[in-house]
Amino acid sequence: MTTFQISDTVGDIVRDRPSLSRLFEQAKVDYCCGGKKTLDEACRKQGIDPQVFLTQLEAIATVSQEPELNITTLSLTELADHIEQTHHAYLHTELPRLERMVTKVAAVHGDREPRLHQIKDIFLAVSQELATHLQKEERILFPMIRQLEASATTPQFHCGTIANPVRQMEFEHDDTGVALGQLRQLTENYTPPDWACNTYRAMLDGLLNFEQDMHQHIHKENNVLFPKAIAQEQSKAN
């Protein structure tokens, strides 16, 4: 079933499906200021085959959800790998993109909507905190968890028990949760005003996806990985 036509304007496409903004950005097809151009015109301007690009749009728009992964059946190492390869990889790519977008939207529309400056400040702060948080997990906690699983007895960790860094990560998760709540409130549940440009709409879509991914990310760590690691450490100590 065809969702789009090459005669559709790029602005209308991104307005209706903001998540597709990523593909437009990757191809350097202007969907904001150049949003009135048809998909055919915009693609040809960039030297892109419109039909090929249309096929890519359709594929992204209609992709089916993969079966849910049963994370409870994964080993500690497998789950840590999954979190890094899925959620950490997403954040390493998406945080810089969203930083640029919140900064741009606040600069352009902040006078009309002052809350955009608050959104920018909160997101930039949480992005910086997450960058440090990911380093702690990737360089310290996750290697400890993998070492624990590979050892027949309880390893001697520099921080005492594995519960100590876990506790710190959970505190930082709580801070992120507060920031996510503030972003949702300030954006009125990520609802764009009628006058919002496509970059504004794409920013809100990105923030919503960020919130949803963080909820899954934190759930997998707080409720599965961390308790399982602590329980395994205690079991090997007995």
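The values are calculated or read from the model by the stated rules, or taken from the named source; none is laboratory data. These numbers were taken from a predicted model, which means no experiment stands behind them. Cβ coordinates were reconstructed from backbone atoms using ideal geometry, including for glycine residues, and neighbour counts include every protein chain displayed. Heavy atoms of the whole protein, side chains included, go into the accessibility calculation; ligands, DNA and RNA do not. Shrake-Rupley method; radii C 1.70, N 1.55, O 1.52, S 1.80 Å.
The GNM of the chain, with springs linking C-alpha atoms under 10 angstrom apart, assigns the highest mean-square fluctuation among Ser127, Ser75, Ser21 to Ser75. Going through the DSSP H helices of the chain, which span 24 Å or more along their own axis at the Cα atoms while scoring at least -1.0 as a mean Kyte-Doolittle hydropathy? Span-like helices, by this rule, are 89-109, 115-136, 163-186, 198-220.
Note on Asn164 and Val108: the model spin-label points, each 7 Å out from Cα along the C-beta direction, lie 4.9 nm apart.
Modelled this way, with points 7 Å down the Cα-to-C-beta line, the labels at Lys136 and Ala27 are 4.2 nm from one another. Applying D = kT/(6 pi eta Rh) to segment 21-140, where Rh is the Kirkwood radius over alpha-carbon pairs, T corresponds to 10 °C and eta to 1.306 mPa s, the Stokes-Einstein value obtained is 90 µm²/s. Ligands, DNA and RNA aside, Cys197 has an accessible area near 40 Å² when probed at 1.4 Å.
Per-residue SASA remark: Asp121, around 90 Å² accessible (1.4 Å probe; ligands, DNA and RNA not included). Per the Debye calculation on the chain with a single equal scatterer at every Cα and no solvent contribution, log₁₀ I(q)/I(0) for q = 0.07, 0.17 Å⁻¹ amounts to -0.31, -1.19.
For the chain, the 222 nm mean residue ellipticity estimated from helices alone, with every DSSP H stretch of n ≥ 4 adding -39500 (n - 2.57) and the total spread over all residues, rounds to -20500 deg cm²/dmol. Remark: the chain carries 53 Å² of accessible area per residue (probe radius 1.4 Å; ligands, DNA and RNA excluded). Pairs of lysine residues in the chain that meet both criteria, 8 or more places apart or on different chains and Cα atoms under 14 Å apart, total 7.
Among Gln26, Gln182, Gln128, the largest mean-square fluctuation in a Gaussian network model of the chain (Cα springs under 10 Å) belongs to Gln26.
Evaluated with a Cβ-only charge set (Lys, Arg +1; Asp, Glu -1), the chain carries a dipole of roughly 400 debye about its Cα centre, given to the nearest 20. Note on Gln118 and Phe171: with the Förster distance fixed at 22 Å, the Cβ-Cβ geometry gives a FRET efficiency of about 0.40.
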